[in-house]
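See structure below.
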Amino acid sequence: MFKCTIELYGIPRQITTERKVEVELSDGAGLAEIIAALRSKIPSLSGTVFYPDDDRLMEFYAFNINGRFYVDDREIRVHEGDRIALLALAAGG
């Protein structure tokens, strides 16, 4: 287990009024575990950023982990020292 700071941008930051949140994760945790940890720490993200009854991101949200974007990649694993951000994807046209 390790403590991980997740940066919040856009709508997630507006909902929580926090810039960062610290959660505890197991080494090798996946996106579902990150979401579960965030959901228990910040329940207000459920139904807006996370699906209410599922540890998945809703449309238009993503994690940026070490400079790469992930929406629903079940293969990604995080480790101590990884930089993680949760953000709303910009829609353009």
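Here are a few things to note about the model shown:
- Looking at the chain alone, DSSP beta bridges between its own residues are antiparallel in about 80 percent of cases.
- Accessible area (Å², per residue) of the chain, counting only protein heavy atoms and a probe of 1.4 Å: 59 Å²
- Residues in the range 15-34 reached by a label modelled at TYR9 [backbone nitrogen below 17 Å; 7 Å Cα→Cβ]: 15-21
- Taking a sphere under 11 Å around the Cβ of LYS3 and counting the other residues whose Cβ falls inside, with K and R at +1 and D and E at -1, yields a net charge of -3.
- Sorting GLU33, GLU59, GLU7 by solvent-accessible area of protein heavy atoms yields GLU59, GLU33, GLU7, largest first, with a 1.4 Å probe.
- Total formal charge among the other residues, if their Cβ is under 15 angstrom from that of GLY47, Lys/Arg +1 and Asp/Glu -1: -2
- Dividing the mean sequence gap of close Cα pairs (under 8 Å, 6+ apart) by how many residues the range 33-82 holds gives a relative contact order of 23 percent.
- P(r) histogram, all alpha-carbon pairs of the chain included - 5 Å bins from 0, percent: 3, 15, 28, 29, 18, 6, 1, 0, 0
- All other residues whose Cβ lies under 15 angstrom from that of GLU24 are scored, Lys and Arg at +1 and Asp and Glu at -1, for a net of -1.
- Accessible surface of the range 53-92 [probe 1.4 Å, protein heavy atoms]: carbon and sulfur percent: 46 percent
- Basic side chains Lys and Arg get +1 at the Cβ, acidic Asp and Glu get -1 at the Cβ, and with that the dipole of the chain about its Cα centre reaches some 320 debye.
The values are calculated or read from the model by the stated rules, or taken from the named source; none is laboratory data. As the structure is a prediction and not an experimental result, all values here were calculated from the model. Methodologically, a virtual Cβ is constructed for each residue, glycine included, from the backbone with ideal geometry; neighbour enumeration extends over all protein chains shown. The area values use the complete protein model at the heavy-atom level, side chains included, leaving out ligands, DNA and RNA. Shrake-Rupley method; radii C 1.70, N 1.55, O 1.52, S 1.80 Å.
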